[in-house]
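First the structure, in the form of structure tokens, and then the observations on it.
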Amino acid sequence: MFRFDPFSPETDADPFPAYQVLRDEHPCFWSDDAQMWVLSRYDDVVAALDDWETFSSAQGNMMTELPGRAGATLGTTDPPHHDRLRDLIQYAFVRRNLDSLTEPIRELAEQAVAPLAEHEQFDFIGDFSSKFTVRVLFAALGLPLGDEAIVREKAVLMVQNDAATGAKGPEHIAAYEWMQDYASSVIEERRAHPRNDLISHFSLAEIDGDRLDEREVLLTTTTLIMAGVESLGGFMSMFGLNMADFPDARRECVDNPDLLRNAIEESLRYNTSAQRFKRCLTRDHTLHGQTMCEGDFVCLAFGSANRDERRYPDPDTYDIHRRTKGHLGFGGSVHLCLGTTIARMSVKIAMQAFHDVVPEYERVNGTLPWMPSSTFRSPMRLDLVRT
Ligand code: HEM
């Protein structure tokens, strides 16, 4: 009998054969292992994202949710509550003026890549991409320099689950508590001494007399640190992996760095790092002959939708020239990722700097250690050698 367990290490390592069966034979599948429905076809996932009144985020959106987040912050609320939060936080993104981060990001990329000039072999993630992505987030949010290593460690733990049980373990909850205490102290400091950074802007943002309350500011800060540090770091490791595995595509990008823009979109489609998020049904809903009941959880498998042959011809081929329009690498509809601009800009600048120093490389090991997370998918280490 067919099973699909989004919490298993086998799924972390290679979800694609199971996705193919789900799309072809069980497009609306009840997973006993996960105790939730799984939608895997592109059109069904998009329809669910658009129908947020039926597919609600208010019971949490991560496959295993952290305590206190559901119903309280951007990814875990529905309109109109969500619209109010999004307007106030987006206002902060506009005020921060992300374009002005281009030069600082370029400098951070050059600093992060410089030590690699000395090395034949290195870990792309530990020696380069995670250092870079954390520093970008520190610059954008306004976190105090010196805390990068500990903040990354806790942010990564927050999105993981226990490899054996699939649930959040004490170390994941403890990391979340640590992050809340940390965020509280930064918010207090920023309020006292506001600067041109995201935390200052959204903790003081006001639209028609409305402001985020204390808890909203705290949850927004922890969500942005987690989303920023882990989503950006995770995607960049996936992109590094694709560039190593597809040398012809990489050479094209080295010769013509403008192509990186499209290669990034193709990696978001082909190797989606934000694999799946969940929703909860507010009413009964029938799809492909199956009736899902009010209160049931539904997994939206973005990683499968992005490989749906009904939407993308030859979806298992990595093709940096394809039209990737509408991919779900950043989700979609009302919850479309708020970090798209900073993510695209950072990865493009970083890979261009990386290719200036390391233009030819390949993977050292065939087997990768995948992060134990039912929501995100990315390797924890990526050993590369110059060729
Ligand atoms: C390449 C890196 C990234 C990827 C792949 C990614 C992916 C996603 C996805 C798939 C969602 C939708 C979740 C859902 O539908 O429930 C999302 C939402 C979100 N992301 Fe990202 N993200 C990335 C980077 C960032 C960064 C850098 C930030 C912040 C600086 C950020 C902040 C957010 C926020 C706040 C939301 C919630 C938006 C809402 O519900 O209105 N993300 N992200």
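Output the residue which, of all residues in the range 2-33 that are among the small types (Gly, Ala, Ser) and surrounded by 15 or more Cβ atoms within 10 Å (Cβ to Cβ), is nearest to ASN161 (Cα to Cα).
Keep residues of the range 2-33 that are among the small types (Gly, Ala, Ser), which gives 8, 13, 18, 31.
Now narrow it down to the ones that are surrounded by 15 or more Cβ atoms within 10 Å (Cβ to Cβ): 8, 18, 31.
Numbers: SER8: 10, ALA18: 21, SER31: 18 Å.
That would be SER8.
Condition check: modelled with pLDDT under 95 and under 23 Å from the mean Cα position of the chain (by Cα). Does THR317 satisfy that?
Details: modelled with pLDDT under 95: no; under 23 Å from the mean Cα position of the chain (by Cα): yes.
Against the criterion (modelled with pLDDT under 95 and under 23 Å from the mean Cα position of the chain (by Cα)), THR317 does not qualify.
Scanning the range 151-181 for residues that are under 11 Å from VAL229 (Cβ atoms) and either aromatic (Phe, Trp, Tyr) or surrounded by fewer than 19 Cβ atoms within 10 Å (Cβ to Cβ) (or both) gives a single hit, GLU153.
Among the residues here, ARG279 qualifies as in contact with a Cys (Cβ under 9 Å, 6 or more places away or on another chain) and either part of a loop (DSSP other than H, G, I, E, B) or within 14 Å of the ligand (Cβ to nearest atom) (or both). Of note, GLY295 does not satisfy the criterion of being within 16 Å of the ligand (Cβ to nearest atom) and either modelled with pLDDT under 95 or of a type outside the set (Val, Ile, Thr) (or both). Here the range 243-285 is the region considered, the condition is being out of contact with any strand residue (DSSP E or B) (no Cβ under 9 Å at 6 or more places or on another chain) and charged (D, E, K, R), and the residue that is surrounded by the most Cβ atoms within 10 Å (Cβ to Cβ) is GLU266.
Restricted to the range 369-380, and to residues there that are more than 15 Å from SER267 (Cβ to Cβ) and surrounded by 14 or more Cβ atoms within 10 Å (Cβ to Cβ), the residue that is farthest from the ligand (Cβ to nearest atom) is PRO372. Taking the range 65-99 as the search range and keeping residues that are touching a residue at least 40 places away in the same chain (Cβ under 8 Å) and of a type in the set (Gly, Ala, Ser), which one is farthest from the ligand (Cβ to nearest atom)? Residue satisfying both the conditions and the ranking: GLY68. Of the residues that make up the range 339-359, is at least one in a loop (DSSP other than H, G, I, E, B), near the ligand (Cβ under 10 Å from one of its atoms), over 18 Å from PRO15 (Cα atoms) and at pLDDT below 95? Within the range 339-359, one or more residues are in a loop (DSSP other than H, G, I, E, B), near the ligand (Cβ under 10 Å from one of its atoms), over 18 Å from PRO15 (Cα atoms) and at pLDDT below 95. With the condition kept exactly as written, say whether any residue in the range 303-316 is touching a residue at least 24 places away in the same chain (Cβ under 8 Å), part of a helix (DSSP H, G or I), more than 13 Å from the ligand (Cβ to nearest atom) and not acidic (Asp, Glu). Within the range 303-316, one or more residues are touching a residue at least 24 places away in the same chain (Cβ under 8 Å), part of a helix (DSSP H, G or I), more than 13 Å from the ligand (Cβ to nearest atom) and not acidic (Asp, Glu).
Return yes or no: is VAL334 touching a Pro at 6+ places or on another chain (Cβ under 7 Å) and near the ligand (Cβ under 8 Å from one of its atoms)? Considered against the rule, which asks whether it is touching a Pro at 6+ places or on another chain (Cβ under 7 Å) and near the ligand (Cβ under 8 Å from one of its atoms), VAL334 comes out as yes. Restricted to helices (runs of 4 or more DSSP H) entirely inside the range 146-244, those with at least 3 residues that are closer than 19 Å to ARG69 by Cβ and more than 15 Å from the ligand (Cβ to nearest atom) are 170-192.
The values are calculated or read from the model by the stated rules, or taken from the named source; none is laboratory data. Please read all numbers here as calculations on a predicted model, not as lab measurements. Cβ coordinates were reconstructed from backbone atoms using ideal geometry, including for glycine residues, and neighbour counts include every protein chain displayed.
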